[in-house]
Amino acid sequence: MEQYGVTEKGFVMKRLDTIINEVQTDLSAALGFDVSQNPQSLLNSALIIPFCDKIAEMWEVAQESYYAKYPTTAEGVNLDNACQYGNVFRRDNRHTEYIIHCTAKDGTKIPSGSLISSITNPIVQLQCINDTVVERSACNAIAIKPVVAISGTYTIELNGIFYSYEAVAGNSAEDIVEGLVNAFTMGGYTASKVVDNENIYVLIEDDIISQSNDFALSSNLTTEFVTSCVHFYTVDYGDIQCPKGSITVLTSNVTGLISVTNRIDPTPGRIQQDDISLRQDYIRKSYGTSSTQTNSIEAYILEEVAGVKDVRCYENQYNVEDELGRPPHCIEVIVDGGEPEKIAAAILAKKAGGITSYGDITIDVLGEYGDNIPISFRRPEQVYLWVKVEITTDGATITPDYVNIVKDSICSKAEELSIGDSFFTQTYISGIYEALTGIAYCRITVAKTMSINVEPEAYIDGNISATERQAISVDGTRIEVSLKT
């Protein structure tokens, strides 16, 4: 006899036809005649079938309740609740964060919420995260000019180090500027003379574009402008990438603010994690209790380091160098997003003793006994995917929004791609057929480039493969959809 309910094989639901048969059998035994002989009878249609249908609904609720307790089968809020038993939580919506170079008069205050935007189409709007002052004590570049050209000592102090020029009677403003340029000899900075309309000034720029510096000037010098690194984030959620130099529009009127631009790669945001991705995180993060597995390192970085989009950890456990150049007994961690210092600290916290780390980025992490421990990792090499979709209809009318529907179908499926995953064209065609009705034929051709600013020369019918150190980037702006009737 078949068992129903919670069994050793899992939950077995009793179907409506089984319930009807059981009820009809019991009623036939009680009434003395077979009530199933006439399914259209008043007894069946008015009593037995409606009654059994309610029982079947209760079985469905019981099955949903059973599956809601397990991350592999739960959905939505139930999946969140189930994953919380393992201390795993759905990654929420997040804005993409940009460090914007803001050029302004010294002392200009940029209020929180001030808006800037891109010159791209569609326009990307960003808002300032906190009240920020653009000033000489925290700037990445500065333009310095004499207040008046007289004899005396003109001094620039950069992070506690002084540079001076002694002007004599008869020196012009240009002479003083040239003297300061020649006197400024600090490595890692560029000092130049700039003539702008009727102004002449010394422009000092930090070669590290994300670094802030503290400048102080003698009373006979002043600033023409300063450039500071100010934190902004996109108004919309998600991984919103703008080409460098494309965020230049001052949307809000901020007195003293001259210009803005984006020169630094952003920290990517995200759309709220879907169920599939959350289940994958649950599996990976479940290894977090171990300190000797590569899965544990992946889980810990995902959990502890903000801004990490994806992570992969590989190990060479042999006594010889492997085919990818990894030294013996080392781990190679590839991380997309997140701050380097926090990533290095997370790797040190979870890697096994005696195992070295390998990569092209090395950060010194303070050890337990005050020593500096070098930790290496690398960023994934971005492979930019270009897609052409050719749709042929079967003569039926197709929705006018077919372009966006196709793009959304491909991009949604591509969110499952991780570092090292290849793009298999055939897996995306079925999603297009499901999303659009009236399609007779769908052809996808693909190409790849290693730079987002370079368009491919030719497309192919096939797949785009990725190495262990590469991440395939799929974006709707690089998907072209055409329709044939």
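The values are calculated or read from the model by the stated rules, or taken from the named source; none is laboratory data. These figures come from a predicted structure and were not determined experimentally. Neighbour counts are summed over all protein chains in view; Cβ atoms, including those assigned to glycine, are modelled from backbone coordinates with ideal geometry.
In this structure, A141 does satisfy being in the same structural domain as E224 (by TED's automatic domain parsing) and buried (at least 16 other Cβ atoms within 10 Å of the Cβ). What is the number of the single condition among (1) closer than 15 Å to V481 by Cβ; (2) part of a loop (DSSP other than H, G, I, E, B); (3) touching a residue at least 12 places away in the same chain (Cβ under 8 Å) that S409 does not meet? If we test S409 against (1) closer than 15 Å to V481 by Cβ; (2) part of a loop (DSSP other than H, G, I, E, B); (3) touching a residue at least 12 places away in the same chain (Cβ under 8 Å), just (2) comes out false.
Looking at E368, E341 in this structure, which one is at pLDDT below 90, part of a loop (DSSP other than H, G, I, E, B) and in the same structural domain as S296 (by TED's automatic domain parsing)? Full working, then the answer.
Numbers: E341 fails: part of a loop (DSSP other than H, G, I, E, B).
The match here is E368.
Residues in region 256-288 that are outside any loop (DSSP other than H, G, I, E, B) and either at pLDDT 80 or above or among the basic types (K, R) (or both): L257, I258, S259, V260, T261, N262, R270, R279, R284, K285. Taking the criterion of being charged (D, E, K, R), surrounded by 13 or more Cβ atoms within 10 Å (Cβ to Cβ) and under 30 Å from D265 (Cα atoms), the residues of region 167-212 that qualify are K193, E205, D206. Of note, E97 does not satisfy the criterion of being among the charged types (D, E, K, R) and without any contact (Cβ under 8 Å) to a residue 60 or more places away in the chain. Checked against (1) of a type in the set (A, V, I, L, M); (2) in a loop (DSSP other than H, G, I, E, B); (3) crowded, with 18+ Cβ neighbours inside 10 Å, L126 meets all criteria but (2). Being loosely packed, with under 11 Cβ neighbours inside 10 Å, of a type in the set (S, T, N, Q) and not assigned by TED's automatic domain parsing to the domain that holds L126 is a property that Q63 lacks.
Please enumerate the residues belonging to region 344-361 that are touching a helix residue (DSSP H, G or I) at 6+ places or on another chain (Cβ under 8 Å) and assigned to a strand (DSSP E or B).
In the first step, residues of region 344-361 are kept if they are touching a helix residue (DSSP H, G or I) at 6+ places or on another chain (Cβ under 8 Å); the result is 346-347, 349-351, 357, 361.
Selection gives S357, I361.
Checking the conditions here, which among N319, N372 is in contact with a Pro (Cβ under 8 Å, 6 or more places away or on another chain), over 30 Å from K484 (Cα atoms) and of a type outside the set (S, T, Y)? If you could, list the steps in order and put the result at the bottom.
Numbers: N372 fails: in contact with a Pro (Cβ under 8 Å, 6 or more places away or on another chain).
The unique qualifying residue is N319.
Let me confirm something: among I432, I444, which residue is touching a strand residue (DSSP E or B) at 6+ places or on another chain (Cβ under 6 Å), in contact (Cβ under 8 Å) with a residue 24 or more places away in the chain, in a strand (DSSP E or B) and over 30 Å from S246 (Cα atoms)? Break it down stepwise before answering.
Numbers: I432 fails: in a strand (DSSP E or B).
Going through I432, I444 in turn, the sole match is I444.
The criterion of being among the hydroxyl-bearing types (S, T, Y), surrounded by 14 or more Cβ atoms within 10 Å (Cβ to Cβ), within 21 Å of the chain's Cα centre (by Cα) and under 25 Å from D239 (Cβ atoms) does not hold for T477.
Mind checking whether some residue in region 449-461 is within 18 Å of I432 (Cβ to Cβ), out of contact with any helix residue (DSSP H, G or I) (no Cβ under 6 Å at 6 or more places or on another chain) and exposed (fewer than 14 other Cβ atoms within 10 Å of the Cβ)?
Looking for residues that are within 18 Å of I432 (Cβ to Cβ), out of contact with any helix residue (DSSP H, G or I) (no Cβ under 6 Å at 6 or more places or on another chain) and exposed (fewer than 14 other Cβ atoms within 10 Å of the Cβ), one finds at least one in region 449-461, hence yes.
Take the conditions modelled with pLDDT of 90 or more, surrounded by 15 or more Cβ atoms within 10 Å (Cβ to Cβ) and either more than 25 Å from the chain's Cα centre (by Cα) or more than 17 Å from T392 (Cβ to Cβ) (or both) and apply them to I439. Does it pass? Criteria not met by I439.
Residues are listed down the side, and each one gets a yes or a no for (1) over 30 Å from D236 (Cα atoms); (2) of a type in the set (G, A, S); (3) part of a loop (DSSP other than H, G, I, E, B); (4) under 26 Å from the mean Cα position of the chain (by Cα):
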position	(1), (2), (3), (4)
F89	no, no, yes, yes
C102	no, no, no, yes
V148	yes, no, yes, no
T155	yes, no, no, no
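Can you tell which of A466, A447 is over 15 Å from E381 (Cα atoms) and among the small types (G, A, S)? Break it down stepwise before answering.
Working: A466 fails: over 15 Å from E381 (Cα atoms).
Selected residue: A447, the only one of A466, A447 that is over 15 Å from E381 (Cα atoms) and among the small types (G, A, S).
F51 meets the conditions (1) under 30 Å from D214 (Cβ atoms); (2) among the aromatic types (F, W, Y); (3) surrounded by fewer than 17 Cβ atoms within 10 Å (Cβ to Cβ) in every case but one. The failed one is (1).
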